[in-house]
Amino acid sequence: MSRPAGPLLLAIFAACTLPPLRGRVEIGSDPYAVIVADGSGGSDLFAIHGRTGETIALTFSPVRELAPSLSPDGGAVAFLRERAGDDGGARTAWVMNLLSGAERELEGQGTAGTPRRVAWAPDGSALYVETERGTWRYGMPPGTAPEPLEAAHRAEADSAFMVLLGSPAFARAEPCEAEEGVCVVSGQGIERLAADATSPARWGTDSVAFVRAGQIHVWPLGGGAPRRVETTPAHPVTGAISFFPGAVR
């Protein structure tokens, strides 16, 4: 008796995938970012080495990948995958193990609804997925059905989706409300960093990154000149940024 090909092919694909960063980035130790940029079939995920600027493709699929979120230990990246369809597109949430290269689609997404964004719990034990039906909690590693967000996890989930700056956090970066651009909101007020900036992200403990004209710019919060992240080869950034600062040496 024949069986549906989809799950079997997914299992084979995950098992045969090679670690994309092997020999180029030391996972969990080196600083690196994961970005969305133009790729083989639309938007793909790429890693950028935080010291050398080397750009390495993580996905090569004919569908769109977007909204990456690196785990707190840098060993995995959660993201959304979107394919074209009769309804104008369908999104699902996935997790890629950066040590093995294996990907896994989260279970039970029909119940949870279409995902909009993903974010990790601070200790990496869970992934929060925001959908049009609310926010759901998935235990990690993936393999369990989603759980409705309980009151005990609500504040943690809200913080996980924010771009909090500083350690301890004293500000947050977000799209400006009254005008275009990226703003930093703190107890001292609201500061707009750049009118044409998008996709704010935390870059280490003392800087905020954003996208301008397809390039990543980093703005130090404690003073100093902003800088542009030089990458090789260059890929125009078209979506979100997620950054792992590297292990303390």
Under a Gaussian network model of the chain whose springs join Cα atoms within less than 10 Å, the largest fluctuation of Pro31, Pro220, Pro200 belongs to Pro220
C-alpha long axis of helix 5-16 to longest principal axis of the chain, angle in ° | 60
Mind giving me the FRET efficiency for Phe161 and Phe60? R0 is 41 Å, r the Cβ-Cβ distance, nearest 0.05 is fine.
-> 0.90
How much of the calculated P(r) for the chain lies past 29 Å, in percent of all Cα pairs?
-> 28
Relative contact order of region 142-192: what whole-number percent is it, with Cα pairs under 8 angstrom and at least 6 residues apart?
-> 19
Compute the separation of the alpha-carbon centres of region 50-74 and region 148-176 and state it in Å as a whole number.
-> 22
Relative to the longest principal axis of the chain, what angle (0 to 90°, nearest 10) does the C-alpha long axis of helix 151-161 take?
-> 70
Label-to-label distance, nm, for residues given as Arg24 and Glu150 (7 Å Cα→Cβ offset) | 4.2
Applying 1/(1 + (r/R0)^6) with R0 = 30 Å to the Cβ-Cβ distance of Arg228 and Leu99, what FRET efficiency is obtained, to the nearest 0.05?
-> 0.50
Charge dipole of the chain built from unit charges on the beta carbon (Lys, Arg +1; Asp, Glu -1), centred at mean Cα; most positive-end Cα among Ala155, Ala57, Ala78 is Ala57
Sites excluded, GluC sites (Glu not before Pro) in DSSP loops with at most 13 other C-beta within 10 Å, longest stretch of the chain | 1-131
Under the classification rounded if a/c is under 1.5, otherwise prolate if a/b is larger than b/c and oblate if not, where does region 128-249 fall, given a ≥ b ≥ c as square roots of the Cα gyration tensor eigenvalues?
-> prolate
For the chain, what relative contact order do you get, as a whole percent, if you take Cα pairs closer than 8 Å and at least 6 residues apart?
-> 18
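Counting only C-alpha contacts under 8 Å and six or more residues apart, can you give the relative contact order of region 101-185 as a whole percent?
Values: 123 pairs, mean separation 16.4, N = 85.
About 19 percent, as a whole number.
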Calculate, in nm to one decimal, what Arg192 and Phe170 gain on full extension: separation in residues at 0.36 nm each, minus their alpha carbon distance.
-> 6.3 nm
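Just so you know, all these numbers are worked out from the coordinates, no wet-lab data involved. Being a predicted model, the structure only gives us computed values, none of them experimental. For neighbour counting, all protein chains shown are included, and Cβ atoms are generated from backbone atoms with ideal geometry for every residue, glycine included.
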